[in-house]
Amino acid sequence: MINKVGVIGAGQMGNGIAHVMALAGLDVFLKDVSQDQLDKALKVIENNMRRQVGRGKLEEGEVAAALSRISPVLEDDYLGDVDLVIEAATENEDIKKSILAPLGPLLKPEAIIATNTSSISVTRLAAVTDRPGQFMGMHFMNPVPMMKLVELIRGIATSEETFQSIRDLTVRLNKTPTPAEDFPAFIVNRILLPMINEAIYTLYEGVGSVQSIDAGMRLGANHPMGPLQLADFIGLDVCLSIMQVLYEGLADTKYRPCPLLVKYVEAGWLGRKTGRGFYDYSTDEPTPTR
């Protein structure tokens, strides 16, 4: 039974994972390299829980109890105590491998390692650890507290026991587990990101404006958010890295990242997190940048 969890990376995904784990009654160690990032993450978690109280999804008492289960940490001494550690760092294979490789000797022999990668080969990431049989992908959707789906990805060596343990945990978190094979970008992003990339091509080629493309998909396909607005929410750097994984991993030109996406990332226009992407977020109402 998994009761104590380490989450490595206190960014948007990491703090969301810590949030749902703590609400489900697990003890969580939330690790980052910066105290500022940890402080910011705890504030975000508390604010998000209070929003859930406001919407009638949580009781006030549950917030204090859940927050008391989250321990922010800067060092690795917590690792010997956890049943599961989840890597939730930026979507960069080298960074993920540098985090995962040293974990093994610090963990209990029976501890499981999971990665929240949204596109990178789980088998390749598992190979740098000392326990590929006890390693798998646990891809939460963003924003984690609201989204019901978790993609569960076995590497080639993942044991059935490991898969079942993570599946059971996913159900305890009140999420819906969906198995996916270890192919580039798995299921959701293999379908979603090419759609976003095509929307960017549609803008690049002048077929429609930012507003007309987003309105077209919201009102014409009943999507809750337009694809360019969604790209800004995900982060254009993340969108580009997933498209590059698809393009390199599947060697099919239909996955070629749009040059306009590359240009925005090179400019540092990464979407909502930098205040500018396909929309400018410095105004009360976000305004299209093209």
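In table form, for the structure just shown:
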| item | result |
| --- | --- |
| Pair list, Cβ under 8 Å, 6 or more apart: the stretch 218-230 residue farther than 17 Å from residue 258 by Cα, other residue part of a helix (DSSP H, G or I) and of a type in the set (Asp, Glu) | 225/214; 226/214 |
| Residue satisfying all of: in the stretch 77-102; over 15 Å from residue 18 (Cβ atoms) and among the hydroxyl-bearing types (Ser, Thr, Tyr); farthest from the chain's Cα centre (by Cα) among these | 98 |
| So residue 67, is it in the same structural domain as residue 171 (by TED's automatic domain parsing) and buried (at least 17 other Cβ atoms within 10 Å of the Cβ) | no |
| Which numbered condition residue 103 misses (of (1) in contact (Cβ under 8 Å) with a residue 40 or more places away in the chain; (2) in contact with a strand residue (DSSP E or B) (Cβ under 8 Å, 6 or more places away or on another chain); (3) surrounded by 15 or more Cβ atoms within 10 Å (Cβ to Cβ); (4) not β-branched (Val, Ile, Thr)) | (1) |
| Failed criterion for residue 131 (all others in (1) more than 21 Å from the chain's Cα centre (by Cα); (2) over 18 Å from residue 117 (Cβ atoms) hold) | (2) |
| Residue tally, condition within 17 Å of residue 126 (Cα to Cα) and either of a type in the set (Ser, Thr, Tyr) or touching a Leu at 6+ places or on another chain (Cβ under 6 Å) (or both), over the stretch 140-164 | 3 |
| Complete set of residues in the stretch 140-153 that are without any contact (Cβ under 8 Å) to a residue 40 or more places away in the chain and over 15 Å from residue 169 (Cα atoms) | 146, 147 |
| The stretch 21-48, residues that are touching a residue at least 60 places away in the same chain (Cβ under 8 Å), in a helix (DSSP H, G or I) and surrounded by fewer than 22 Cβ atoms within 10 Å (Cβ to Cβ) | 48 |
| Test: residue in the stretch 164-174 that is at positive phi and part of a loop (DSSP other than H, G, I, E, B) | yes |
| Residues being out of contact with any Gly (no Cβ under 8 Å at 6 or more places or on another chain) and aliphatic (A, V, I, L, M) - total across the stretch 211-227 | 3 |
| Residue, nearest to the chain's Cα centre (by Cα), within the stretch 103-128, restricted to residues that are more than 16 Å from residue 183 (Cα to Cα) and not hydrophobic (A, V, I, L, M, F, W, C) | 104 |
| Those residues of the stretch 144-190 which are surrounded by fewer than 20 Cβ atoms within 10 Å (Cβ to Cβ), of a type in the set (Lys, Arg) and within 25 Å of residue 243 (Cα to Cα), in sequence order | 148, 190 |
| Complete set of residues in the stretch 70-96 that are surrounded by fewer than 18 Cβ atoms within 10 Å (Cβ to Cβ) and out of contact with any Phe, Trp or Tyr (no Cβ under 7 Å at 6 or more places or on another chain) | 72, 74, 75, 76, 77, 80, 81, 90, 92, 93, 94, 95 |
| Among (1) farther than 28 Å from residue 29 by Cα; (2) without any contact (Cβ under 8 Å) to a residue 24 or more places away in the chain; (3) not aromatic (Phe, Trp, Tyr), the one test that residue 161 misses | (1) |
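Residue by residue, here is whether (1) in contact with a helix residue (DSSP H, G or I) (Cβ under 8 Å, 6 or more places away or on another chain); (2) farther than 23 Å from residue 20 by Cα holds:
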| residue | (1), (2) |
| --- | --- |
| 108 | yes, yes |
| 128 | yes, yes |
| 145 | yes, no |
| 169 | no, no |
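The values are calculated or read from the model by the stated rules, or taken from the named source; none is laboratory data. This structure is a prediction, so every number in the text was calculated from the model and none was measured. FYI the Cβ positions are ideal-geometry reconstructions off the backbone, even for glycines, and counts take in every protein chain you see.
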